[in-house]
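Working notes for the structure below.
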Amino acid sequence: MSSFDATNGTHGARQPGGAFMSWFNKRMAKRIRGGGGKALGLDPLLLITVGAKSGQTRETPVARLAGPNGSWYVVASANGAARNPAWYYNIAAHPDQIRIVIDGVETAVAAQQLHGENRAAAWKVITAAQPRFAKYETKTDRDIPIIHLTERQA
């Protein structure tokens with residue numbers, strides 16, 4: 001079984017997108033690179049990936065949640081949409097080329113999709129810290145991927 005094996009669902013909420021989202025993401029990326037701050041009540045990180053199809057560098061602000069031992073969780077919720085967000089496929093295609101920026105500091109990371117008991121334990125931590133994620137799960141029939149990010153050793 002591949003570490004990155006999430007499939008799309010058959011129904012869900014509307015996935016955020018369009019001109020406003022593009023503007024918002026660019027503004028958040030600049031803010032994160034400049035030192036941080038919350039976004040919509042969440043602690044953000046800037047996820048830097050390589051496009052699965054394009055091969056181009058992609059930057060996506062996403063919410064981060066604290067994982068064990070200084071690691072982070074990111075949730076491919078896409079607002080409870082039926083489809084996984086594009087950044088999920090970018091990570092799956094190029095898991096060894098991921099970087100993040102938190103509070104202006106860029107770090108190379110390794111990514112692993114959580115499954116089974118590890119996913120269930122992380123989901124409890126995530127929904128306790130940010131109950132809004134539990135609502136996303138009720139909007140879609142897909143299993144929302146949780147990605148565990150750890151600092152990559154040089």
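General remarks:
- The listed residue being buried (at least 16 other Cβ atoms within 10 Å of the Cβ), small (Gly, Ala, Ser), touching a Pro at 6+ places or on another chain (Cβ under 9 Å) and touching a residue at least 24 places away in the same chain (Cβ under 8 Å), out of ALA78, ALA52, ALA82: ALA78
- When the residues of region 55-68 are filtered to those that are touching a residue at least 60 places away in the same chain (Cβ under 8 Å) and part of a strand (DSSP E or B), the one that is nearest to the chain's Cα centre (by Cα) is ALA63.
- Within the span defined as region 76-91, one or more residues are closer than 19 Å to LEU47 by Cβ, hydroxyl-bearing (Ser, Thr, Tyr) and not in a loop (DSSP other than H, G, I, E, B).
- Among the conditions (1) more than 22 Å from VAL50 (Cα to Cα); (2) among the acidic types (Asp, Glu); (3) not in a helix (DSSP H, G or I), GLU117 misses just one, which is (3).
Okay, residues lined up against (1) out of contact with any strand residue (DSSP E or B) (no Cβ under 6 Å at 6 or more places or on another chain); (2) under 25 Å from GLY36 (Cα atoms):
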{"position": "GLN56", "(1), (2)": "yes, yes"}
{"position": "TRP72", "(1), (2)": "no, yes"}
{"position": "ASN84", "(1), (2)": "yes, no"}
{"position": "PRO95", "(1), (2)": "no, yes"}
{"position": "ALA111", "(1), (2)": "no, yes"}
{"position": "HIS115", "(1), (2)": "yes, no"}
{"position": "LYS124", "(1), (2)": "yes, no"}
{"position": "LYS135", "(1), (2)": "yes, no"}
{"position": "THR138", "(1), (2)": "yes, no"}
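- Filtering region 1-30 to residues that are among the aliphatic types (A, V, I, L, M), within 13 Å of PRO85 (Cβ to Cβ) and surrounded by 13 or more Cβ atoms within 10 Å (Cβ to Cβ) leaves ALA6, ALA13.
- Within region 31-49, restricting attention to residues that are surrounded by 12 or more Cβ atoms within 10 Å (Cβ to Cβ) and in a loop (DSSP other than H, G, I, E, B), the residue that is farthest from the chain's Cα centre (by Cα) is GLY36.
Every number here is computed from the coordinates shown, using simple stated rules; none is lab data. Values in this document were obtained by computation on a predicted structure and should not be read as measured data. Cβ sites come from the backbone with ideal geometry, for glycine too, and all protein chains shown count toward neighbours.
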